[in-house]
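Just so you know, all these numbers are worked out from the coordinates, no wet-lab data involved. Note that this is a predicted model, so its numbers are computed, not measured. Cβ atoms come from the backbone with ideal geometry, glycine included; neighbour counts cover every protein chain shown.
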Amino acid sequence: MARQRRQDTSSVRPARGTGITAPIAHALRFAGLLSVLAGLIWPIQAAALAWAIAGWIAGDMGRTPWAAAIFVAGGFLRAFCDHRAGQILFDAADQTISHQRAALITREARARAPLGSAEIAALIVQKLPLLQPWITRYSIAMIKVAVLPLVLLLISFWFSWIVGLVLLVAGPLIPVFMILIGMAAEQASRRQMDEIGSMNAMVMDRLSAMLDIRLLGAADKALADFSDRAEALRIKTMAVLRIAFLSSTVLELFSAIGVAMVAVFVGFTLLGEITFGSWSAPLSLGEGLFLLLIAPDFFQPFRELAAAWHDRAAGLSVLAELDALDGAERAPFLGEARAARPLDGPLTLSLAGVVAALPGRRVTLPDFSLKRGQSLALIGESGAGKSTGLAALAGLVPLADGQITVCGHRLDHETADAWRARIALVPQRPHFPDQPLYAWLDPDKRHTDPWPALKRAEVDQVVLRLPYGLRTRLGETGGGVSGGEARRLMIARAILSGRELILADEPTADLDPDTAAMIIRALMHLKENGHSVIVATHDPDLAALMDRRVEVGQ
Amino acid sequence: MKTLFPIIQMILAAAPQAMMRGAVLSVLVLLMGAALLGLSGWFITATGLAGIAGLGIAFDVFRPSAGVRFLALGRTAARYGEHVFTHDATLRALAFLRVRLLRRQVWLDSRALSRLRSEAVLTRIIADVDALDGVVLRLLLPAVAALATHLIVFLAIGWLAGWAIACALLAGYIPLAILIFWQLARRSIKPSDRAEKESQSLRRGVIDMIRNRQSLILDARLDDREADLLSLDGNIRKAAQQLDRAERGAALAITMLVTLVTACALGLGGWLVAQGVMGPAVGVIGIFVALALAETLMPLRRGIADYGKMAGAAKRIGYGEKEKPEKSKPKSPLCHENAGASPPVLAVRKAPLTFIIEPGEAVALTGASGSGKTSLLMEIAGLAESSGIAILGRAPADWPDSSLRDLVTMVPQRSVLLAGTIRENFNLAADVPESALWQALAAISLDAVIRERGGLDAPLGEAGAGLSGGQAQRLALARAIIRQPQLLLLDEPTEGLDEATADRVLSGIRRALPQTAILATLHRNANHPMFDRQIPLLL
């Protein structure tokens, strides 16, 4: 997948590329201006050096302190310009990344796209920062390459047409080579990213299987195998890199030859062996030194651009991912998930012609209605839409058609938050956030004693067994509690919340009979105490205990 | 620096030759760059002098100009070689670091091994190894090359242009550059640590929020959650800002240093020329070399700015520690009372639980989830601290690991297969002829499925992707069968299988391993005829 995406970006520049930098375009221009300014200071410094050295030969040693002062002043000014430009660029990149991050954080949980939570987390945490070098290095290298070589070329021509010509000959060839190099560098960096990527995939694969490997006594075998594969990967990658580096050497070669030719030409002119090349008077020593000093800087912007090329590739691949995510079909929920006063009136619920709209799928739900204290089972094949049905009742998925009426109101954006304040949901795979159990059980901080509810859900012994009791953080995978225990904890939480309608998704799936019985007892107890209960289940025992059964997917 | 030493040692040992070649060429590139500028400066000044003196014809132009050309081409060639060798060394180090990482994980206990299945833990480990990839190539090699270049340049300039200028270059650059970089490294530690910690929190927070979204919406807590994450983002940005400031500060200082040293070379050169100690042409060399030496310092900056990140990663991964915990306990050969009789395959005496299993027996371990069935199996398999367990009369910890693995095979719940072919997954367990593989597959009635998928060489994706959960589980069972263990431990072998398949699989295992003692945890099928006894595990 990742490889595919990366390849796509090399040929198609994503539309977002320009949009994402639009708010910081001004900052980028200003930073570019500062960088160019810093680059233009160098010829002045070079001139000061050349002027002083020419003075040594002319016997004018008084120039040296002045030249040194100009050189230092210029150098410091250059350093400060670059420093300031760096700050502007960092802030611009920071602003862009944080803007994108905020957009993702406030969107991805509200309207789910068909992308795993881990992938979204990786995009937000690891990949977005890759935009930073793209913005700070690549864009500035582009601006510099457009201005500085041209200026230095004109200066060179001013003194000597042949030096100018040397640079000019190397110059126009450089764009040609830049394309080659750009492609090669991109290929090289992609190759290396792929290498690291596949090596890391191999490591992850083996790490996650390490328990099995260890139990099979296969550690040595697995490690030897891994080493062999890594070695094969290295040999293959190096074969490609050897060629890729050849083309980047070309740039190096041109810049070295350019400098060497300038040096040799200037030397021969000064000796009087070459009498052409400069305009009228023969080139002076100072001018010669000056030309030598600015020649390397003619090539410097090209080298910076080449170095920034893979920052561009990395940045564009992140943009492509953002674009793909932007374009994904989403299922937003109703309302805004803000705290609201519970909907008034006795609890009633009825569905009429409801079709739930999931990304790329429509689920038709049967018509039914429910009153306070009643229970109902949504039954049907796996994948028929039972869970979607529960989600629709809570206003968690949008409707393509039909209407859900709750407590006499239409369930819509206006009423959803108030309706949800009366519902508690017991998901099939509860997910525990990284917070202590007591805080999780009591989200509204009402400080009710949780133990009666825990006892009611027959999960009190489980909590007592946890290493820190109610202060345990169950964390990502609910480490420490089994699936059945997690669901009982969810039921305890539902009891504590005091909400009247309990929605339970497959509460008895994958459980041994004893544990399933505990869950059923807890649900039945809730019903006896006046709660309404809706379960989505394919467990016939559980379904039989409900007042009514409604089949989904007919 | 201390935290990075073990890693540096390790990587250097991994590919000493490739590292050496890379280092030599790095120095060569820097030296040739300095020599090219120095020689060119000298050449132009000398020719200028000769031109003025009218010595045009007498001046030996051939050797200097050939030198300039040689250095220009040689530098390019050396640069190419440097690229190739250092990348080769990097790739070797990459592989080596990862092998060492895997080797360290092998000896973790069962709890830590199970944690390795969590994506968050894996991502963290991988990110850390990635950070360590740069230790040698971005930190050590450029630093060593820079130092070597400065020393060689010192000697060369001292010889060519006098020790005054050589000392000025060395004393101007080395102490101050070290100071600047030391500051940068120091200032990078705290923000790197904070950025890393907050990034992990953000990562976990985002996953939490998305997986928990239904609850958050129902509790009307989504806004709070988003605000929390945004404030984490703010902290990460602050840390990144500090890092950036440190790095840019170092860049500013280095540019100023280069400017000052060059100006110093100019002033000193001018003074020496005025004193008549040296000619102008020689005096110029110092200036040009001072400029060229900037190239040794700038590339180091980025590597050193990452010091904090690398140090943090090194600390977390802890390569410095020993790989395999040494057992201090003496190996007690027998801890069984009646040493005379041959001891049972497995004896468990953990009050109130006491049972033995003889060859050919199969026992089902039952009990509610969370009662410690898996932990008991892990203890028997020697992956957790245990007491009161004897395998052939010896505690698991007293068996050498390889012998214990030969005796006991355990199939954990939700076994993980490797990416690769089905045959490769089998080969991990044992080298047995193909017919034995098919027999094992037939025993768990997976032969038809595998044949349908293209036989033993059909590829599996990561973590066995391509097979259903139940099929992957059965493949893991077949893998255990070909090991022909004396004691087979099965953790929920029928999980995810339908009744009919579960029945066939259990009977198949028994038939395939008639002499093996089998202990299985089950929450259903415990009354399967395969089992001779059921033992309830109570809390």
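Suppose we keep just the DSSP beta bridges with both residues in the range B:346-536; what percent of those would be antiparallel, to 5? Please list the in-between numbers first.
Details: 11 of 29 bridges.
Bridges in the range B:346-536 are about 40 percent antiparallel.
Work out how much length A:LEU464 to A:THR106 would gain on full extension: take 0.36 nm times their residue separation and subtract the Cα-Cα distance, in nm to one decimal. Walk me through the numbers before you get to the answer.
Numbers: separation 358, 0.36 × 358 = 128.88 nm, distance 3.71 nm.
Full extension from A:LEU464 to A:THR106 adds 125.2 nm.
Based on other C-beta atoms within 10 Å, arrange A:ARG242, B:ARG21 from fewest to most.
Values: A:ARG242 15, B:ARG21 18.
With the fewest neighbours first, A:ARG242, B:ARG21 line up as A:ARG242, B:ARG21.
Working only with C-alpha atoms, what are the Rg and Dmax values of the range B:62-122, expressed in angstrom?
Cα only, the range B:62-122: 23.3, 74 Å (Rg, Dmax).
Cross-link list A:LYS445/A:LYS527; A:LYS221/B:LYS373; A:LYS127/B:LYS197; B:LYS2/B:LYS238; B:LYS197/B:LYS238: which exceed 20 angstrom alpha carbon to alpha carbon? Before the final figure, lay out the partial values.
On the way: A:LYS445/A:LYS527 25 Å; A:LYS221/B:LYS373 29 Å; A:LYS127/B:LYS197 17 Å; B:LYS2/B:LYS238 27 Å; B:LYS197/B:LYS238 13 Å.
From A:LYS445/A:LYS527; A:LYS221/B:LYS373; A:LYS127/B:LYS197; B:LYS2/B:LYS238; B:LYS197/B:LYS238, over 20 Å: A:LYS445/A:LYS527; A:LYS221/B:LYS373; B:LYS2/B:LYS238.
Among the aspartates and glutamates, which have Cα under 17 Å from the Cα of A:LYS455 when same-chain residues fewer than 8 positions away are ignored?
A:ASP442, A:GLU485, A:ASP514, A:GLU528
I'd like the antiparallel share, as a percent to the nearest 5, of DSSP beta bridges with both residues in chain A. Don't skip to the answer; put the middle values down first.
Values: 19 of 36 bridges.
Within chain A, antiparallel bridges account for around 55 percent of the total.
Taking θ = phi - 60°, what integer Hz values does the Karplus form 6.51 cos²θ - 1.76 cosθ + 1.60 yield along the range B:355-365, in sequence order, with x for Gly and Pro?
Rounded to whole hertz, the list is 7, 10, 10, 9, x, x, 8, 10, 10, 9, 9.
Sort out for me the Cα centre separation of the range A:193-263 from the range A:286-323, rounded to whole Å.
Between the Cα centre of the range A:193-263 and that of the range A:286-323, the gap is 25 Å.
Please state the equivalent ellipsoid semi-axes for the range B:170-267: what are the square roots of 5 times the Cα gyration tensor eigenvalues, largest first, in whole Å? Intermediate values should be presented prior to the final figure.
Numbers: eigenvalues 439, 23, 9 Å².
Its equivalent ellipsoid spans semi-axes of 47, 11, 7 Å.
Could you grab the Rg to Rh ratio for the range A:402-554? Cα atoms only, Kirkwood for Rh.
Working: Rg = 15.9 Å, Rh = 16.3 Å.
Taking Rh as the inverse mean 1/r over Cα pairs, Rg/Rh reads 0.97.
For chain A, count the residues as N, evaluate 2.2 N^0.38 Å, and divide the Cα radius of gyration by that value, please. Don't skip to the end; give the middle numbers.
Details: Rg = 35.1 Å, N = 554, 2.2 N^0.38 = 24.3 Å.
Dividing the Cα radius of gyration by 2.2 N^0.38 Å gives 1.45.
With a Förster radius of 51 Å, plug the Cβ-Cβ distance of B:ALA53 and B:ARG245 into 1/(1 + (r/R0)^6) and report the FRET value to the nearest 0.05.
Numbers: r = 54 Å, r/R0 = 1.05.
Result of the calculation: an efficiency of 0.40.
Write down the Å³ per residue value for the convex hull defined by the alpha carbon atoms of the range A:399-449.
Details: hull volume 7.5 nm³, N = 51.
Convex hull of Cα atoms, per residue: 147 Å³.
When Cβ neighbours within 10 Å are restricted to other protein chains, what is their mean count per residue of peptide B:48-54?
Details: counts 15, 5, 4, 12, 6, 0, 1.
Average per residue, whole number: 6.
In square nanometres and to one decimal, what's the mean projected area of the convex hull around the Cα atoms of the range A:49-138?
Details: hull surface 31.2 nm².
For the range A:49-138, the mean projected area of the Cα convex hull comes to 7.8 nm².
Checking a compactness column here: for the range B:346-536, what do you get for Rg(Cα) / (2.2 N^0.38 Å), N being the number of residues? Could you put the intermediate results ahead of the total?
Values: Rg = 16.1 Å, N = 191, 2.2 N^0.38 = 16.2 Å.
Cα Rg divided by the expected 2.2 N^0.38 Å: 1.00.
Working from the pairwise distances between different alpha carbons, so that the mean of 1/r is found and then inverted, what is chain B's Kirkwood radius in Å?
Numbers: mean 1/r = 0.0343 Å⁻¹.
Taking the inverse mean of 1/r over all distinct Cα pairs, chain B comes out at 29.2 Å.
State the antiparallel share, in %, of DSSP beta bridges confined to the protein assembly as shown, rounding to the nearest 5.
Values: 30 of 65 bridges.
Among the beta bridges of the protein assembly as shown, antiparallel pairing accounts for roughly 45 percent.
Quick one: B:SER65, B:SER40, fewest Cβ neighbours within 10 Å first, how do they rank? Write down the numbers at each step before the final one.
Working: B:SER65 20, B:SER40 31.
Listed from fewest to most nearby Cβ atoms, that is B:SER65, B:SER40.
Within a 10 angstrom radius of the beta carbon, how do B:TRP42, A:TRP309, B:TRP271 rank from fewest other beta carbons to most? All intermediate terms of the calculation are to be shown ahead of the outcome.
Values: B:TRP42 26, A:TRP309 23, B:TRP271 15.
Placing the least packed residue first, the sequence is B:TRP271, A:TRP309, B:TRP42.
Would you mind giving the average projected area, over all directions, of the Cα convex hull of the range B:2-317 in nm² with one decimal?
Numbers: hull surface 82.5 nm².
With every direction weighted equally, the projected area is 20.6 nm².
Rounded to whole Hz and in sequence order, give me ³J(HN,Hα) for the range A:220-232 from the Karplus expression 6.51 cos²θ - 1.76 cosθ + 1.60, θ = phi - 60°, writing x for Gly and Pro.
4, 4, 5, 5, 4, 4, 4, 4, 4, 5, 4, 5, 4
Could you please tell me the mean projected area of the C-alpha convex hull for the range B:1-146, averaged over all directions and given in square nanometres to one decimal? Don't skip to the answer; put the middle values down first.
Numbers: hull surface 46.6 nm².
The number I arrive at for the range B:1-146 is 11.7 nm².
Which value, in Å to one decimal place, does the Kirkwood hydrodynamic radius take for the range A:431-493 when every pair of different Cα atoms is included?
11.4 Å
What's the extension gain from A:MET524 to A:LYS221 if we count 0.36 nm per residue and subtract their Cα-Cα distance?
Numbers: separation 303, 0.36 × 303 = 109.08 nm, distance 5.40 nm.
In short, 103.7 nm is gained.
Under 10 °C and 1.306 mPa s, how fast does the protein assembly as shown diffuse according to Stokes-Einstein, given a Kirkwood radius computed over C-alpha pairs? Answer in µm²/s, whole number. Let's see the in-between values first.
On the way: Rh = 34.0 Å.
Using the Kirkwood radius from Cα pairs, D works out to 47 µm²/s.
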